[in-house]
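One structure is given here, and the rest of the page talks about it.
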Amino acid sequence: MNSAAEATVFVIDDDARMRGAMERLLKSVGLRAESFATPQDFLRRKPPDGPSCLVLDVRLPGMSGLDVQRKLIDSGIYIPIIFISGHGDIPMTVKAMKSGAVEFLTKPFRDQDLLDAIQQALERENETRQQQHEIKTRNQRNYRPGPSRQSNAKNAG
């Protein structure tokens, strides 16, 4: 399967300094990073086709991180999400986790906590991709086309 070095970590945070710091951290450990100032910028891009995860601030202009999570789910886009927030509370954390978030980190967080959460998210992503591949392979093996309608019509006449 794909290694973490081939993965992309997407970051959505309206704080330019925070985005820059996370990009530098991710690149320092060999991870590819793409960052966005707004959820709309991220949502306009083509969905990722390789292994990836999303580091997502909860409070963003125009659309909250929880709204982004819901929009992705509703669109059928699965990407493991790590929420970050300077203003998180327990109900918000519970809602994010029940909707499938990998982690919810409160700012300021330790670099290692973020890296550990990203590692966990990418492992989850790889497991999901492996399961999807196995299901697809199994379905292809088990697919047996039935007789066509033409051959049934010939046999009936």
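Numbers for the structure displayed
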{"quantity": "Residue that is in contact with a Gly (Cβ under 6 Å, 6 or more places away or on another chain) and touching a residue at least 40 places away in the same chain (Cβ under 8 Å), where the choices are L56, L115", "calculated": "L56"}
{"quantity": "Among residues of segment 105-128, those that are within 14 Å of the chain's Cα centre (by Cα) and farther than 15 Å from V9 by Cβ, counted", "calculated": "2"}
{"quantity": "Test: residue in segment 14-30 that is under 26 Å from Q132 (Cα atoms) and surrounded by 13 or more Cβ atoms within 10 Å (Cβ to Cβ)", "calculated": "no"}
{"quantity": "Selection within segment 6-36 - touching a helix residue (DSSP H, G or I) at 6+ places or on another chain (Cβ under 8 Å), among the β-branched types (V, I, T) and over 18 Å from F109 (Cα atoms)", "calculated": "none"}
{"quantity": "Residue match in segment 80-89 (condition: of a type in the set (D, E, K, R), farther than 20 Å from L115 by Cβ and touching a helix residue (DSSP H, G or I) at 6+ places or on another chain (Cβ under 8 Å))", "calculated": "no"}
{"quantity": "Matching entry among D67, D57, D49, D41 (being of a type outside the set (S, T, N, Q), surrounded by fewer than 16 Cβ atoms within 10 Å (Cβ to Cβ), under 16 Å from the mean Cα position of the chain (by Cα) and under 22 Å from V94 (Cβ atoms))", "calculated": "D67"}
{"quantity": "Candidates V55, V102 - the one that is within 19 Å of T38 (Cα to Cα) and modelled with pLDDT of 95 or more", "calculated": "V55"}
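The values are calculated or read from the model by the stated rules, or taken from the named source; none is laboratory data. This one's a predicted model, so the numbers in the text were calculated from it and none came from an experiment. Note that we place each Cβ from the backbone using ideal geometry, even for glycine, and neighbour counts take in every protein chain shown.
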